[in-house]
1. Looking at segment 83-98, which of its residues are modelled with pLDDT under 90 and either in contact with a Phe, Trp or Tyr (Cβ under 8 Å, 6 or more places away or on another chain) or buried (at least 16 other Cβ atoms within 10 Å of the Cβ) (or both)?
2. Of the residues R159, R190, R202, R167, only one is touching a residue at least 60 places away in the same chain (Cβ under 8 Å) and over 16 Å from the mean Cα position of the chain (by Cα); which?
3. Among the residues of segment 95-113, how many are touching a strand residue (DSSP E or B) at 6+ places or on another chain (Cβ under 6 Å), touching a residue at least 60 places away in the same chain (Cβ under 8 Å) and within 18 Å of S83 (Cα to Cα)?
4. Looking only at segment 66-116, which residues are of a type outside the set (F, W, Y), under 26 Å from D187 (Cβ atoms) and in a strand (DSSP E or B)?
5. Among the candidates R63, R128, single out the residue that is among the basic types (K, R), in contact (Cβ under 8 Å) with a residue 60 or more places away in the chain, touching a strand residue (DSSP E or B) at 6+ places or on another chain (Cβ under 9 Å) and under 23 Å from T163 (Cβ atoms).
6. What about R139, is it of a type in the set (D, E, K, R), assigned to a strand (DSSP E or B) and either in contact (Cβ under 8 Å) with a residue 40 or more places away in the chain or within 23 Å of P28 (Cβ to Cβ) (or both)?
7. Could you look through segment 99-154, keep only residues that are surrounded by fewer than 17 Cβ atoms within 10 Å (Cβ to Cβ) and of a type in the set (K, R), and pick out the one that is modelled with the lowest pLDDT?
8. Residue pairs, Cβ under 7 Å, 6 or more apart or interchain, first in segment 40-53 and in contact (Cβ under 8 Å) with a residue 40 or more places away in the chain, second outside any loop (DSSP other than H, G, I, E, B) and loosely packed, with under 13 Cβ neighbours inside 10 Å. List them.
Amino acid sequence: MIVLPTVAGIAVLGVVVTFGVRRFLAPPQTPPAYTGSQPEPAEDGYISHTESIRIDAPIDAFRQWVNHTELSDLLVESGNLPSVVRTEVIRGSFDPDRDRVGARRRVVLDDGHFTAEEILVDEPKVFRYIVWGYTNYARLMIDHAVGEFDFEDDGGRTRLTWTYSFRPRSVIVRPFLSNFVSGTWADLMRNTLRAMRDGGERQRT
């Protein structure tokens, strides 16, 4: 007489929790406005990963090509990660022929979720940006991330170095985020750089 209600109660609780988690992780019905302040980059506490690649194209020519190419157009395989469908400008301009610092856009993912991206530095040899406002499961672990591309002349070719730094939400999630960054995310970075190399070298021919 006591066991059955207890088992039934646990089953009901399981359904409620499952429904709650799914609802919590479900895509928002309307896109976030992302009109508030961006997170302030911290001095430390990030989990970072760096990848580098050599591209058989002069640095000026490659940067010109990459500035007019959306990463979503490179068709990079991302494993279980959602892919970028499109971006929507919120403020400023992403035109490489204009001042892009402070330009902000909404990134639309193929799972129905969103993030925000803003340009922090836009110089001939350094491009830095910040990503935040994750609406999918990433928001449980990541406060924000800072990405940086560094362009270096390498004997008439281009050395492109990409560093991605994630700021975890708490000490508790840090080990899980660290494993994600060194595994799944590192693979995505390598695949992206190879696609950028191939595109930049094709453009040269």
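1. V84, the sole residue that qualifies.
2. Criteria check complete, one pass: R159.
3. Selection size over segment 95-113: 2.
4. V84, V85, R86, T87, R105, R106, V107, V108, L109, T115, A116
5. Of R63, R128, the one residue that is among the basic types (K, R), in contact (Cβ under 8 Å) with a residue 60 or more places away in the chain, touching a strand residue (DSSP E or B) at 6+ places or on another chain (Cβ under 9 Å) and under 23 Å from T163 (Cβ atoms) is R63.
6. No.
7. R139
8. Taking only residues 6 or more apart or on different chains, the pairs are H49/S182.
The values are calculated or read from the model by the stated rules, or taken from the named source; none is laboratory data. Everything numeric in this text was worked out from a predicted model, so none of it was measured. Ideal geometry is used to build each Cβ from the backbone, glycine not excepted, and the neighbour counts take in all protein chains shown.
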